[in-house]
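Notes to accompany the following structure.
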Amino acid sequence: MTPPAESNAFVLLRLGERRFAVSASLIAELVPPGRIFRFPHRTKEIEGVILRRGRMVPVCDIAERLGQPSLRLRRFYLIAQRRYTGQAEWVALPVTGECELIHADVTPAGETDSPHVSGWLSHGGEVIEVLNLTALTPGPGHISVAAPIDSLEMHQAQEAQP
Amino acid sequence: MRLAAPLKTRPVRAEQIILFRISDQLFAVSSASVQEVRGVDSVASSAQEISHPSLRKVRHIMSRGDQFLFVVNGALHFGLPPSPSALVFVMRGTKTALLVDGIEKMTTMTVLQALPQAFCHEEREWYRGLTAIDQAVIPVVKPEGFLTPDELSLLEASHLGNDVSASTLVPEVSAAS
């Protein structure tokens with residue numbers, strides 16, 4: 001039996017060749033890319049932080065987790081809420097194109113779907129994954145390979161180039 | 001769309017901090033946490049070597065009164081490229097001294113934001129949080145975060161082992177001479 005669909009607002013975002021959806025209730029704003037402040041850490045999914053309205057927001061490129069190449073050209077950061085136990089925090093997701101606010105019916109994810117999929121929607125002839133940011137972005141209890149020591153060196157070398 | 005949910009930002013009563021560099025990376029530490037700043041040269045003559053295969057970041061012990069301090073190489077601790085250290089920070093209330101490249105300046109911090117929870121590995125032990133100084137984000141280090149309790153135990157055991165072997169050597173040397 002197909003689960004019932006619910007109509008909700010979503011923000012469509014583009015990562016490389018594909019579009020994905022995030023519940024609009026989780027989106028704070030779309031901002032142009034600014035300076036990323038980097039400092040040593042071991043959470044390889046996080047590049048650093050941006051300063052937004054006096055707050056430091058971690059930047060997490062989710063493209064690779066979604067089977068896309070890591071984003072080199074970024075048009076915007078989509079600032080979204082990531083829920084943790086007892087609170088929510090912002091995370092900045094680099095995106096490669098304009099984002100679009102739509103209303104659509106969503107079909108909840110099935111048991112066989114990946115944890116990062118919270119549902120599916122259909123828009124403009126495309127079937128689009130609705131993302132579960134909790135599964136896509138790191139947080140307490142998250143297991144990832146420690147960031148290689150040379151990753152920071154590489155960033156520093158890139159930034160040092162004129 | 002506007003930002004709605006506040007992040008955990010702790011307004012701190014103005015706190016004096018030292019901005020220091022390790023391998024071109026800027027860090028901050030509360031000046032109250034630094035008991036003493038010494039030149040590397042002044043420490044080098046009295047420091048003893050120590051080595052533990054799993055703790056490359058600690059190569060020396062320095063004594064301070066009747067206490068000994070483990071000298072942590074800041075670049076190795078943070079995974080930064082090696083750089084020549086010029087100063088040693090003796091951290092108050094810890095058994096740690098930290099090798100740093102230099103002091104950038106002393107300034108005042110009025111806001112300390114908790115490290116975002118997206119950072120979920122060792123860095124949570126390294127930093128008290130983040131602060132913004134002159135439109136730059138700077139991590140504020142925890143003085144007690146340079147050596148974990150396990151690492152301290154390892155080093156202390158290693159140091160005591162060296163002391164024991166040194167003291168057992170002395171009578172043998174005396175007897176031989």
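The values are calculated or read from the model by the stated rules, or taken from the named source; none is laboratory data. For clarity, every value in this text was computed on a predicted model and none was experimentally measured. Here Cβ is always computed from backbone atoms with ideal geometry, including for glycine, and neighbour counts include all displayed protein chains. What goes into the accessible areas is simple: the full protein's heavy atoms, side chains included, and nothing from ligands, DNA or RNA. Shrake-Rupley method; radii C 1.70, N 1.55, O 1.52, S 1.80 Å.
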**Request:** Considering every residue within region B:7-16, establish whether at least one is modelled with pLDDT of 85 or more, more than 14 Å from chain A (Cβ to nearest Cβ) and within 17 Å of the chain's Cα centre (by Cα).
**Result:** no
**Prompt:** Is there a residue being in contact with a His (Cβ under 8 Å, 6 or more places away or on another chain), farther than 23 Å from residue A:60 by Cα, touching a residue at least 40 places away in the same chain (Cβ under 8 Å) and open to solvent by less than 20 Å² (accessible area, probe 1.4 Å) anywhere in region A:92-108?
**Reply:** yes
**Request:** Starting from region B:16-37, take each residue that is under 12 Å from residue B:78 (Cβ atoms) and list its partners that are modelled with pLDDT under 95, counting only C-beta distances under 7 angstrom and pairs at least six apart or across chains.
**Result:** B:22/B:83; B:23/B:83; B:24/A:156
**Complete:** When residue B:78 is run through (1) open to solvent by less than 40 Å² (accessible area, probe 1.4 Å); (2) touching a helix residue (DSSP H, G or I) at 6+ places or on another chain (Cβ under 6 Å), the failure sits at (2)
**Filtered residues of region A:23-44 (kept if assigned to a strand (DSSP E or B), within 12 Å of chain B (Cβ to nearest Cβ) and either acidic (Asp, Glu) or within 14 Å of the chain's Cα centre (by Cα) (or both))** = A:27, A:28, A:29, A:30, A:31
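One line per residue, one yes/no per condition, for (1) without any contact (Cβ under 8 Å) to a residue 40 or more places away in the chain; (2) farther than 17 Å from residue B:21 by Cα; (3) out of contact with any helix residue (DSSP H, G or I) (no Cβ under 7 Å at 6 or more places or on another chain):
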residue	(1), (2), (3)
B:85	no, no, no
B:88	no, no, no
B:111	no, yes, yes
B:136	no, no, yes
B:149	yes, yes, yes
**Prompt:** When you go through A:87, A:68 one by one, which is the residue that is within 14 Å of chain B (Cβ to nearest Cβ) and out of contact with any Pro (no Cβ under 6 Å at 6 or more places or on another chain)?
**Reply:** A:87
**Request:** Given the conditions (1) open to solvent by 80 Å² or more (accessible area, probe 1.4 Å); (2) away from every other protein chain (no Cβ under 14 Å); (3) at pLDDT 55 or above, report the number of the one that residue A:143 does not fulfil.
**Result:** (2)
**Request:** Could you check, for region B:147-167, whether at least one of its residues is within 14 Å of chain A (Cβ to nearest Cβ) and at pLDDT 65 or above?
**Result:** yes
**Asked** Within region B:31-52, can one find any residue that is within 14 Å of chain A (Cβ to nearest Cβ) and of a type outside the set (Val, Ile, Thr)?
**Response** no
**Request:** Provide a single number: the residues in region B:102-156 that are out of contact with any Leu (no Cβ under 9 Å at 6 or more places or on another chain), part of a loop (DSSP other than H, G, I, E, B) and surrounded by fewer than 16 Cβ atoms within 10 Å (Cβ to Cβ).
**Result:** 2
**Item:** Some residue of region A:45-59 being crowded, with 20+ Cβ neighbours inside 10 Å and part of a loop (DSSP other than H, G, I, E, B)
**Value:** yes
**Prompt:** Mind checking whether some residue in region A:108-120 is within 19 Å of the chain's Cα centre (by Cα), within 14 Å of chain B (Cβ to nearest Cβ) and of a type in the set (A, V, I, L, M)?
**Reply:** no
